[in-house]
Amino acid sequence: MGIAFFSSFIMSLFLYPLDTVKKNLQLNGARGHLSQYSGTMDCLKKMQSNYGTASLYRGVHIYAIKEVLTAFAQLSIYEAFFLNGEKSSKKEE
């Protein structure tokens, strides 16, 4: 379980900049704001040149906390329902 969580977490961190670009594109030109980007690559290049590479990971610490809490909840529920159920069925035999 730990390796699966770790690999999922690393992949999420790898894909996080694309999610940031997607969010910026969704807000691009919305509610009276000026349209800044013409597409995905334009947004990626402008964010990196104007704000630096760190801007692509803006908010990643909150995302990481959410991922850890979600994994903890999933593992706890799995152990509570599936592993305890297996232990009780073995006792009945």
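The values are calculated or read from the model by the stated rules, or taken from the named source; none is laboratory data. The structure presented is a predicted model; accordingly, all values stated were derived computationally and were not measured. Cβ coordinates were reconstructed from backbone atoms using ideal geometry, including for glycine residues, and neighbour counts include every protein chain displayed. Note: accessible area is taken over every heavy atom of the protein model, side chains too, but ligands, DNA and RNA are not part of it. Shrake-Rupley method; radii C 1.70, N 1.55, O 1.52, S 1.80 Å.
Miscellaneous remarks
- Qualifying residue in the stretch 4-19 (condition: open to solvent by 90 Å² or more (accessible area, probe 1.4 Å) and charged (D, E, K, R)): no
- Residues that are among the aliphatic types (A, V, I, L, M), assigned to a helix (DSSP H, G or I), more than 27 Å from ILE10 (Cβ to Cβ) and open to solvent by 90 Å² or more (accessible area, probe 1.4 Å) within the stretch 23-75 comprise just one, LEU27.
- Test: residue in the stretch 76-88 that is open to solvent by 100 Å² or more (accessible area, probe 1.4 Å), at pLDDT 90 or above and more than 21 Å from ALA4 (Cα to Cα): no
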